[in-house]
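Trainee: I'd like to ask some things about the structure below.
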Amino acid sequence: MSDPVIDLTTLCRLFKNDRNRIQEWITLYLAETPAYFQQIMEGAATNDAEQVLRALHDLRPMAHYLGAPHMLVLCDAIKELSSASDPQAFQESIAELLSHAQSIEVALNAELNNR
Amino acid sequence: MMIRLALTDDQLLFRRGMALLLRDMAGVQVVLDCANGEELLAGLKNESVDIVLLDLQMPVMDGVETMQRVRKDFPDVKVIVLSSHDEEQYILHLMELGANGYLLKDTEPDVIDTAIRSVAQSGYYFSDALNKLDLHGLVKKRKLTPTFNDIDPLSERELDVLRGICKEFTTAEIAEKIFISPRTVDFHRNNLLLKTGARNAAGLVVYAMSKGLFAP
């Protein structure tokens with residue numbers, strides 16, 4: 001069985017199992033992060049690494065608090081690849097991040113609906 | 001006493017997330033919520049604030065300029081920088097400019113809690129990551145001005161242990177030099193922390209430097 005895309009115990013620990021605040025945080029995440037992914041997508045399309053990095057910079061702490069270790073790994077990988085001379089790997093990592101973000105969104109929506 | 005906070009960050013998600021985390025902390029209240037330095041400076045004119053949690057990268061007025069303005073116009077307000085940058089030189093520069101504390105944006109809530117209380121009580125907070133930085137230089141240049149409460153005088157033995165800590169000796173080394181057991185060194189170290197209000201060895205070094213008890 002594959003690992004879950006998010007580790008919900010992280011949010012439970014952060015908010016001391018306060019379901020209302022967890023729900024509030026997830027709702028906030030779902031409302032605010034599409035703008036960052038949009039920036040990343042646009043930056044990737046125009047090969048604007050700076051734009052991608054700015055959005056990642058803002059996204060990274062949220063991935064940490066969310067309990068999304070793979071998203072953190074991808075953020076770090078993209079940052080590293082932005083200064084390497086391998087544009088294809090850079091683009092592939094961004095595509096993987098965006099796809100992973102969608103899986104997280106599905107998982108979070110499912111979590112909201114379960115409550 | 002309630003600690004009154006201002007959150008300043010252009011990211012709504014981070015600001016709201018942080019406010020949610022802080023809601024749980026006893027004795028802490030977020031009274032200002034600002035998207036940039038200009039909003040903060042305007043807010044500080046009308047609202048009494050003890051500590052500002054300040055992001056660095058913001059439009060309109062960034063964190064560095066904001067901190068300098070806060071230092072000048074609101075000298076009693078303390079500033080904890082919240083940043084994603086963990087490079088030592090970066091952190092040192094901010095501390096030199098007058099930050100009372102420095103936290104990474106993915107800091108655990110318990111540490112944020114500790115930092116807020118430490119800054120409110122002692123005027124500064126150093127994380128473990130900062131312990132190894134050039135605290136001596138900061139205190140010497142008077143860029144760092146911690147405030148300590150009146151305390152019981154330190155005993156001769158405590159002063160010996162404090163000087164050992166300042167010289168970066170280990171517990172075993174201090175014990176050997178002043179002919180006491182490592183356990184007794186730990187006992188004196190705990191007393192030092194209690195008496196000075198410092199939270200760690202770095203805080204003890206700052207205390208010793210600021211009181212003229214140790215000069216590198």
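Trainee: Take the alpha-carbon positions of the range A:2-113, form their convex hull, and give its projected area averaged over all directions (one quarter of the hull surface) in nm².
Mentor: 6.7
Trainee: What's the local net charge at B:LEU56, with K and R +1, D and E -1, over the other residues with C-beta under 11 Å away?
Mentor: -4
Trainee: With charges only on Cβ, +1 for K and R and -1 for D and E, what is the dipole size of the range B:33-94 about its Cα centre, in debye, rounded to 20?
Mentor: It comes to approximately 260 debye.
Trainee: Which length gain, in nm to one decimal place, applies between A:GLN91 and A:LEU112 when the Cα-Cα distance is subtracted from 0.36 nm times their residue separation?
Mentor: Stretched out fully, the A:GLN91 to A:LEU112 stretch lengthens by 4.4 nm.
Trainee: Could you give the size of the charge dipole of chain B about its Cα centre, using +1 on the Cβ of each K and R and -1 on the Cβ of each D and E, expressed in debye and rounded to the nearest 20?
Mentor: In debye, rounded to 20, chain B gives about 680.
Trainee: Residues with amide H under 5 Å of B:LYS78's amide H, sequence separation 5 or more or different chain, H placed in the peptide plane at 1.01 Å from N; which?
Mentor: Residues meeting the criterion, in which the H sits 1.01 Å from N, are B:ILE51, B:VAL52.
Trainee: Distance cut-off 27 Å, Cα to Cα: go down the list B:LYS78/B:LYS211; B:LYS72/B:LYS195; B:LYS45/B:LYS195 and report the pairs above it.
Mentor: B:LYS72/B:LYS195; B:LYS45/B:LYS195
Trainee: Let me ask you something else. Per residue of the range A:58-66, in order, report the coupling 6.51 cos²θ - 1.76 cosθ + 1.60 (Karplus, θ = phi - 60°) as ³J(HN,Hα) in whole Hz, putting x for Gly and Pro.
Mentor: In residue order, the calculated couplings are 6, 6, 4, x, 5, 4, 5, 5, 6 Hz.
Trainee: A further question follows. Taking H placed 1.01 Å from N in the peptide plane, check which residues at least 5 places from B:CYS34 or on another chain put their amide H under 5 Å from its amide H.
Mentor: It is B:LEU7, B:THR8, B:ASP9, by chain and number.
Trainee: Quick one: angle between helix A:19-45 and the longest Cα principal axis of chain A, in degrees between 0 and 90, rounded to 10, please.
Mentor: Between helix and principal axis, roughly 10 degrees.
Trainee: A:ALA77: net charge of surrounding residues, Cβ under 15 Å, Lys/Arg +1, Asp/Glu -1, itself excluded?
Mentor: -3
Trainee: State to the nearest 20 debye the size of the charge dipole of the protein assembly as shown about its Cα centre, where the only charges are +1 on K and R beta carbons and -1 on D and E beta carbons.
Mentor: 1420
Trainee: Quick check on the range B:1-120: what does the Kirkwood estimate of hydrodynamic radius come out to from the alpha carbon pairs, in Å?
Mentor: So the Kirkwood estimate lands at 14.0 Å.
Coordinate-derived values only; no laboratory data. It should be emphasised that the depicted structure is a prediction, and the values quoted were computed from it without experimental measurement. Note that we place each Cβ from the backbone using ideal geometry, even for glycine, and neighbour counts take in every protein chain shown.
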